[in-house]
Every structure is written in C-alpha cells, then in structure tokens.
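The values are calculated or read from the model by the stated rules, or taken from the named source; none is laboratory data. Keep in mind that this is a model prediction, so the values were computed, not measured. So basically every Cβ, Gly included, is an ideal-geometry build from the backbone, and we count neighbours across all protein chains shown. The area values use the complete protein model at the heavy-atom level, side chains included, leaving out ligands, DNA and RNA. Shrake-Rupley method; radii C 1.70, N 1.55, O 1.52, S 1.80 Å.
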Amino acid sequence: MDIKKVLVISYSQTGQLTQLTDSVLAPLEADTNVEVVYKKIEPLKPYPFPWDFMTFMDCFPESIYLDPPEIKEIEDDDNDYDLVILPYQVWFLSPSLPITAFLKSDYAKRKLKGKPVVTLIGCRNMWVMAQEKLKQMLNDVEAKLIDNIVLIDQGNSFATFVTTPRWMLTGKRDSLWGIFPEAGISKQDIKEASRFGKAISHALANDEEKKQESICSGLNAVTIDEKLIKSEQIATKSFMIWGKLIRKVGKQGDPKRRPIVMLYVVFLLLIILTIVPINMLVQTIIRKVNKEKILKQKEIFEAPSGSAKDRMKDFL
C-alpha cells in the first residue's frame, strides 16, 4: 500500500490550537501507512501572548480586510500531498492574520491547488463569517474544502465574554472566582477530537479523500448556534466600516490610529450594552417566524461536515 502524505499547516498563538491539532492527528501519527508533515506559519513580527489591549484592537482592520502580514518563507519540499489539514484561530470574525498570509502566499498556490482540505477551528463561539472568508481564499488557490471541524470554548456566551478576554489579555485561563469555567476548549472535547483523526485515517486507507467529499460527516464536526448568525453578520458590517476608516488613517501600529481605535472601542461597548440586547430580542422573534429559513441557513453554514452524530460510535 502506498504511503499517504498529509500536510498540516498551522499557527497557534496560545498553544491551545496545537493541543487540539495533536489530538486530531494522534491516530494519523500512529498509522504506519500515513506520513504527517508539519509546517508552522511564523510572522516576521510575532504577535504577543498575552495580548496588550491596544495591539489586539489595532489588528482588527487588517483582519477584517484580509490584509496579509509578512511571514517567514515556508520551506518547500517535493511531496505531492494527498490531504491538507489547516487548523486556525478566528480573529475579529476572520481567519487569523498569519493564516490569511499563508493562504495568499505562492506556497499555498503551489501546494494546495487541486488538493482536498480539512479545516480545524478552535475559537470562542463565532466562526461562521471567518469560515466563509476562508472558503473563498481556498477557492482562490483552487483547493477543495471537504471538511470543517469546529470546537468552541466551554461555557455560555456570557461566561466566555468574560473568560476569553481575560485569557487573551492576562494569560490566565483558570476558573474565575469559582463561578466562571476555565477559559478555552474543555480538555474532554480536545481529547475526543481524536475521533476525527481516526475517521481520516480510515478514509485514507480506502482512498476516500480522492472523492473530494466529506470524510468527517456523522461525527458532530460542526454545530452552529443559529442565534449568533445574524450577530456575526451585523458585527462584520460594523468592522468593515470602522476598519476602512482606520486603514485610511495609517498602517497597523501607526500611533495616529490609536484615537480612532479607542473611539471604536467606546462605540462597541455602547452597542453591546444597548443595541445588542434589543437585537437579540428581535432576532428571537424573527427566528420563530422564519424557522424553516433559519434551519436551511444553519444547514448551509454547517456544510460540508454537518452536525449529525450517526458515526460517533464507530470512532470514539
């Protein structure tokens, strides 16, 4: 049997995405018929962790407009890969800037053309708009998205609104005051993500990747909270408007941008405290009236892997 070659390209700022990726890849690493090759994306100017607040907020115009930062050249090889796995984080409802830079690189154009790609997302809870942008970038390099796997932070939206920023800005992810859960994806969810690697290993053994169709369906790969779809769409429009203004003032890191960035922070807080609660109430009513439309939209965004669980027993 020919050895199947799997290319894994990622950037992890906090280290959590690396843990998630390792869990998914463990069954592939144990498969003697699979060779896994890792490539790390390294920005020429590293992003800090923990973030300082201003550096974090100053990233949003470039994130939303997919302006790629400079990254170190990725070492090429002669491998013709059978499958590409692309783990990524979400920044401001967009793929993280290092991932954007990779997908717009000549390396991506060479290595991903015609290849089946599995995306792996680790984030707070909003990822739909980021994945839509990533789909387009994959199309631009003529790659074929066959699966999307998403794991989100533990806790409800209110809890993660506290725990995630605390982790990002202080590096602390422990349970706060014994009330809030630990920040990030639960250890159990990360451990159980190995089911995807088992399914991928099984698929490679049977040449299923050549069909360029989902190989992780039926494994609860993606579950969309339909309550957040409209919020993501509204927030994206806001980011686009303010991001355009801030980019006109100066490039990322330019001190002249700071007053506008801080003005947007104030605007954002006011929106969160006033408009967001009203919008949530209105959207609750709309979802009840347009239930079928919302469910159809949910199904579209969950593709190609979906939220079905019928194959879980085979790979857990």
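I'd like to know if segment 64-72 contains one or more residues that are closer than 14 Å to Ser10 by Cα, touching a Leu at 6+ places or on another chain (Cβ under 8 Å) and of a type in the set (A, V, I, L, M, F, W, C). Within segment 64-72, one or more residues are closer than 14 Å to Ser10 by Cα, touching a Leu at 6+ places or on another chain (Cβ under 8 Å) and of a type in the set (A, V, I, L, M, F, W, C).
Applying the selection to segment 183-204, what residues are without any contact (Cβ under 8 Å) to a residue 60 or more places away in the chain and under 10 Å from Gln154 (Cβ atoms)? Show your work before the answer.
Our first condition is that a residue be without any contact (Cβ under 8 Å) to a residue 60 or more places away in the chain; within segment 183-204, this holds for 183, 186-189, 203.
Ala183, Ser186, Lys187, Gln188, Asp189, listed by residue number.
Has segment 112-133 got any residue that is open to solvent by 50 Å² or more (accessible area, probe 1.4 Å), within 30 Å of Met280 (Cα to Cα) and of a type in the set (Lys, Arg)? Yes; the residues of segment 112-133 include at least one that is open to solvent by 50 Å² or more (accessible area, probe 1.4 Å), within 30 Å of Met280 (Cα to Cα) and of a type in the set (Lys, Arg). Checking each residue in segment 50-59 for being farther than 12 Å from Arg258 by Cα and either of a type in the set (Lys, Arg) or crowded, with 18+ Cβ neighbours inside 10 Å (or both) picks out only Trp51. For segment 202-230, which positions are open to solvent by 20 Å² or more (accessible area, probe 1.4 Å) and under 17 Å from Val6 (Cα atoms)? Once the filter is applied, which keeps residues that are open to solvent by 20 Å² or more (accessible area, probe 1.4 Å) and under 17 Å from Val6 (Cα atoms), segment 202-230 yields His202, Ala205, Asn206, Asp207, Glu208, Lys210, Lys211, Gln212, Glu213, Ser214. Of the strands (runs of 3 or more DSSP E) lying entirely inside segment 75-170, those containing at least 2 residues that are touching a Ser or Thr at 6+ places or on another chain (Cβ under 7 Å) are 83-88, 144-152.
Any residue at all in segment 38-51 that is touching a residue at least 12 places away in the same chain (Cβ under 8 Å), in a loop (DSSP other than H, G, I, E, B), under 19 Å from Phe315 (Cβ atoms) and among the charged types (D, E, K, R)?
Of the residues in segment 38-51, the ones touching a residue at least 12 places away in the same chain (Cβ under 8 Å) are 38-45, 47, 49-51.
Add one more test, that the residue is in a loop (DSSP other than H, G, I, E, B), and what stays is 41-42, 44-45, 47, 49-51.
Okay, now just the ones that are also under 19 Å from Phe315 (Cβ atoms), so none.
For segment 38-51, residues touching a residue at least 12 places away in the same chain (Cβ under 8 Å), in a loop (DSSP other than H, G, I, E, B), under 19 Å from Phe315 (Cβ atoms) and among the charged types (D, E, K, R): absent.
What is the one condition in (1) modelled with pLDDT of 95 or more; (2) surrounded by fewer than 14 Cβ atoms within 10 Å (Cβ to Cβ); (3) outside any helix (DSSP H, G or I); (4) of a type outside the set (Ser, Thr, Tyr) that Gly253 does not satisfy? Of the numbered conditions (1) modelled with pLDDT of 95 or more; (2) surrounded by fewer than 14 Cβ atoms within 10 Å (Cβ to Cβ); (3) outside any helix (DSSP H, G or I); (4) of a type outside the set (Ser, Thr, Tyr), the odd one out for Gly253 is (1).
For segment 192-199, check the following and say yes or no: at least one residue is assigned to a loop (DSSP other than H, G, I, E, B), crowded, with 18+ Cβ neighbours inside 10 Å and out of contact with any Phe, Trp or Tyr (no Cβ under 6 Å at 6 or more places or on another chain). Can you show your working first?
Initially, segment 192-199 is screened for residues assigned to a loop (DSSP other than H, G, I, E, B), giving 193.
Restricting the remaining residues to those that are crowded, with 18+ Cβ neighbours inside 10 Å gives 193.
Then drop every residue that is not out of contact with any Phe, Trp or Tyr (no Cβ under 6 Å at 6 or more places or on another chain), which leaves 193.
Yes.
Scanning segment 222-243 for any residue that is touching a Gly at 6+ places or on another chain (Cβ under 8 Å) and not in a helix (DSSP H, G or I) turns up at least one such residue.
Considered as a group, the residues in segment 1-47 that are among the charged types (D, E, K, R) and within 19 Å of Thr100 (Cβ to Cβ) include one that is surrounded by the fewest Cβ atoms within 10 Å (Cβ to Cβ), and that residue is Lys45.
Restricted to segment 150-182, and to residues there that are open to solvent by less than 30 Å² (accessible area, probe 1.4 Å) and touching a residue at least 40 places away in the same chain (Cβ under 8 Å), the residue that is farthest from Ser307 (Cα to Cα) is Trp167. Among (1) assigned to a helix (DSSP H, G or I); (2) farther than 15 Å from Asp225 by Cα, which single condition is Pro304 missing? Tallying (1) assigned to a helix (DSSP H, G or I); (2) farther than 15 Å from Asp225 by Cα, Pro304 fails exactly one: (1).
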